[in-house]
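Student: I am attaching a structure below and will ask some questions about it afterwards.
The values are calculated or read from the model by the stated rules, or taken from the named source; none is laboratory data. It should be emphasised that the depicted structure is a prediction, and the values quoted were computed from it without experimental measurement. Positions of Cβ are generated from backbone atoms using ideal geometry, with glycine treated the same way; all protein chains shown enter the neighbour counts.
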Amino acid sequence: MGKQLRTELMTINMGPQHPSTHGVIRFIIKTDGEVIHECQPDVGYLHRSIEKISEKVNWQGFVPFTDRVDYLASMNANWAYCFAVERMLGTEVPRRAEFLRVMVGELNRISSHLIAIGATAMDLGGFTPFIQLLREREYINDLLEMACGARLTYNYISIGGVNYDVPRNWTEKVGEFLEHFELAMEQMNRLISYNRIFINRMANLAVIPREMAIQYNLVGPNLRGSGVKFDLRRDHPYSVYPELDFEVPVGVGIEGQVGDCYDRYHVRMMEIRESINILRQCIKMMPPGEIQGKVKNVIKPPEGTIHVRTETPRGDTGYLIQSDGKTSAYRLKIRTGSFTAMSVIPAVAPGLFIADLIALIGSLDVVAPELDR
Amino acid sequence: MNMTPKRSSFGTYLNNLVNGVTSMFEGMSITLASMFFRAQTIQYPDVNIHSNEELVKDYKGNLRGMPANYRGMLHVDMEICTACMICMKACPIDCIAITNVKCDKRTFVGVGGKKAVQTRAATRFDIDLGKCMFCGLCSLPCPTGAIHHTTQFEFVPDNLEALVYKFVTPQEAQKAEARAKEIEVEEKAAKAAKAKAEAEAKPAEPQPENN
Ligand code: SF4
Ligand code: SF4
């Protein structure tokens with residue numbers, strides 16, 4: 001034989017502008033043909049200095065900026081920040097406001113998971129589920145718009161309560177929506193969850209074992225997908241969650257191994273079901289009364305540092321706030337679920353096909369603005 | 001990897017094939033069924049979505065018209081604005097610019113039945129809607145409800161300056177300034193008169209007049 005053919009790994013860029021990276025993220029991939037040898041995520045394209053902005057605007061004025069941290073779940077982002085400041089101030093939040101927060105938070109969790117599921121399906125080539133789920137999301141947007149007047153960046157939850165009271169028939173409207181939505185979810189299950197092609201594509205793919213998930217500090221549905229039963233709403237309860245009855249779904253390897261892509265997908269599907277449960281209970285328990293606690297016009301939390309974690313759709317969102325007793329934060333650090341989800345990709349990507357990497361990103365539900373802040 | 005069955009046999013192959021095809025038809029049946037649903041979308045610019053009646057007339061879907069509390073373009077009702085600058089301080093990105101001068105004292109009832117006392121009038125009230133993020137933080141603390149969101153969201157101009165909405169016209173500002181000067185003069189006169197009266201009332205202790 002003549003000369004040996006020289007082979008080498010090829011380095012390709014996926015992104016920053018790539019439809020399946022859900023925002024502006026770049027992956028530097030070393031491939032051997034179709035198989036990934038190394039995958040390095042490159043983040044930072046969506047950095048907007050939100051943490052620095054908190055040092056310039058006043059405490060209440062920072063709430064709209066938290067909307068932009070995670071635009072798919074801004075209610076939960078508002079909530080996490082307001083909760084942290086309330087803990088610093090020692091403010092009591094009225095009971096009605098707490099229930100409203102739980103309701104809008106769970107509605108927002110559903111709408112965020114709908115996008116996560118729909119986007120996963122779309123990345124794998126199924127366009128129909130995405131459109132259908134977006135239609136369902138519009139109903140939720142309508143409900144949230146009735147409550148606060150905005151469809152995406154809500155700025156609804158304020159320090160000490162919520163900004164607006166809901167219209168009188170709002171809870172009934174939510175109830176009606178849930179009736180309709182359960183049927184729609186059944187249809188979605190037929191369309192994706194039980195779809196053999198989808199299952200075979202997701203099962204046993206990019207398995208993140210339990211230990212690895214804990215080591216990489218995965219949070220939220222990604223962690224529960226690996227079989228760890230940990231939910232801040234249950235394990236470090238806040239607001240009125242202790243009074244509500246709900247399950248914490250975990251991945252059990254329903255179609256393959258524990259911690260595969262399908263498990264992560266399935267946990268989200270089950271969480272939607274639990275959110276429906278929680279909403280039904282809230283509708284029954286919603287008390288009348290005040291919606292805003294006693295908060296001074298100019299907020300000046302006492303000196304000190306606080307770290308507060310809440311369960312948002314993308315896992316546990318932590319706000320580390322340092323106050324020096326002035327009208328704006330001295331330092332504020334946001335810890336989000338997408339960032340650690342990103343860090344696990346180099347560990348599980350080697351050996352996958354390029355097309356499977358897209359399924360992995362989709363199943364981790366990474367949202368780029370939350371990644372970079 | 002994912003698609004490889006443990007033991008490849010013709011049976012598994014056939015099974016996979018049947019499963020795949022049935023799944024596909026299941027999906028197709030849902031897609032087909034939704035063809036006969038009522039349309040969920042509207043032909044936006046053709047339909048006036050501000051009027052709920054017109055929307056309902058033309059539209060058979062389940063979405064509703066815009067709610068009255070929609071946070072659209074800002075508007076200020078200068079009749080009931082007391083130029084207190086609370087909204088200006090509340091805005092996190094400084095879209096609002098207000099300057100004010102003294103004016104005749106006026107008591108009135110604002111939106112929501114709150115009583116308000118006006119002692120100053122605005123000579124400038126600009127909102128830069130190009131910067132505004134429609135967060136609603138300015139309208140929440142307003143004591144009279146003068147600044148509020150409207151359901152209007154179509155206000156694209158052809159230049160950036162047109163996005164700075166001025167709620168006080170130059171004529172009104174001139175008038176207010178002129179009136180403020182008059183008030184200043186009047187107040188000075190009133191003060192002097194008062195001081196004089198006081199001095200006359202206490203003749204035993206003559207005070208040096210230095211007004
Ligand atoms: S807060 Fe209301 S009353 Fe005060 S200046 Fe603004 S619009 Fe006018
Ligand atoms: S809506 Fe928000 S950004 Fe716009 S002027 Fe009011 S406070 Fe400022």
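Student: Go through the stretch A:180-198 and give me each residue that's part of a helix (DSSP H, G or I), facing chain B (nearest Cβ under 8 Å) and free of Cβ contacts under 8 Å to residues at least 40 places away in the same chain.
Tutor: A:Arg190, A:Arg196, A:Ile197
Student: Has the stretch A:122-129 got at least one residue that is under 24 Å from A:Gly362 (Cβ atoms), without any contact (Cβ under 8 Å) to a residue 60 or more places away in the chain and among the aromatic types (Phe, Trp, Tyr)?
Tutor: Yes: the stretch A:122-129 contains one or more residues that are under 24 Å from A:Gly362 (Cβ atoms), without any contact (Cβ under 8 Å) to a residue 60 or more places away in the chain and among the aromatic types (Phe, Trp, Tyr).
Student: Let me ask you something else. In the stretch B:115-160, how many residues are at pLDDT 85 or above, farther than 26 Å from A:Gln60 by Cα and of a type in the set (D, E, K, R)?
Tutor: Qualifying residue count for the region: 1.
Condition check ((1) in a helix (DSSP H, G or I); (2) closer than 21 Å to A:Gly289 by Cβ; (3) within 14 Å of chain B (Cβ to nearest Cβ); (4) touching a residue at least 12 places away in the same chain (Cβ under 8 Å)) across all residues:
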position	(1), (2), (3), (4)
A:Phe62	yes, no, yes, yes
A:Thr66	yes, no, yes, yes
A:Ser74	yes, no, yes, yes
A:Ala77	yes, no, yes, yes
A:Tyr81	yes, no, yes, yes
A:Val85	yes, no, no, yes
A:Thr91	no, yes, no, yes
A:Glu98	yes, yes, no, yes
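Student: Please work out if B:Ala116 is within 15 Å of ligand 2 (Cβ to nearest atom) and in contact with a Phe, Trp or Tyr (Cβ under 8 Å, 6 or more places away or on another chain). Write out each step before concluding.
Tutor: Working: within 15 Å of ligand 2 (Cβ to nearest atom): no; in contact with a Phe, Trp or Tyr (Cβ under 8 Å, 6 or more places away or on another chain): yes.
When the stated conditions are applied, B:Ala116 does not pass them.
Student: Can you tell me which residues in the stretch A:217-250 are closer than 15 Å to A:Asp316 by Cβ and of a type in the set (A, V, I, L, M)?
Tutor: Those that are closer than 15 Å to A:Asp316 by Cβ and of a type in the set (A, V, I, L, M): A:Leu218, A:Val219, A:Leu223, A:Val228, A:Leu232, A:Val248.
Student: Sort through A:Arg201, A:Arg280 and tell me the only one that's charged (D, E, K, R), surrounded by fewer than 23 Cβ atoms within 10 Å (Cβ to Cβ) and within 14 Å of chain B (Cβ to nearest Cβ).
Tutor: Details: A:Arg280 fails: within 14 Å of chain B (Cβ to nearest Cβ).
From the options A:Arg201, A:Arg280, the qualifying one is A:Arg201.
Student: Among the listed residues A:Ile321, A:Ile291, identify the single one that is modelled with pLDDT under 85, out of contact with any Phe, Trp or Tyr (no Cβ under 6 Å at 6 or more places or on another chain) and buried (at least 16 other Cβ atoms within 10 Å of the Cβ).
Tutor: Details: A:Ile321 fails: modelled with pLDDT under 85.
The match here is A:Ile291.
Student: Considering each residue of the stretch B:125-147, count those that are touching a residue at least 40 places away in the same chain (Cβ under 8 Å), more than 11 Å from chain A (Cβ to nearest Cβ) and within 15 Å of ligand 2 (Cβ to nearest atom), and give that number.
Tutor: Matching residues across the stretch B:125-147 total 8.
Student: Answer yes or no as to whether A:Val250 is over 26 Å from A:Ala355 (Cβ atoms) and in contact with a strand residue (DSSP E or B) (Cβ under 9 Å, 6 or more places away or on another chain). Reasoning before the result, please.
Tutor: On the way: over 26 Å from A:Ala355 (Cβ atoms): yes; in contact with a strand residue (DSSP E or B) (Cβ under 9 Å, 6 or more places away or on another chain): no.
So A:Val250 fails the test.
Student: Within the stretch B:84-201, which strands (runs of 3 or more DSSP E) (wholly inside it) include 1 or more residues that are of a type in the set (Phe, Trp, Tyr), within 14 Å of ligand 1 (Cβ to nearest atom) and under 20 Å from A:Gly149 (Cβ atoms)?
Tutor: On the way: elements: B:96-109, B:115-128, B:147-149, B:164-166.
In the stretch B:84-201, the matching strands (runs of 3 or more DSSP E) lie at B:164-166.
Yes/no matrix, rows are residues, columns are (1) in a helix (DSSP H, G or I); (2) touching a residue at least 40 places away in the same chain (Cβ under 8 Å); (3) of a type outside the set (A, V, I, L, M):
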{"position": "A:Gln322", "(1), (2), (3)": "no, no, yes"}
{"position": "A:Thr327", "(1), (2), (3)": "no, yes, yes"}
{"position": "A:Ile334", "(1), (2), (3)": "no, yes, no"}
{"position": "A:Leu357", "(1), (2), (3)": "yes, yes, no"}
{"position": "A:Ile361", "(1), (2), (3)": "yes, yes, no"}
{"position": "A:Glu370", "(1), (2), (3)": "yes, yes, yes"}
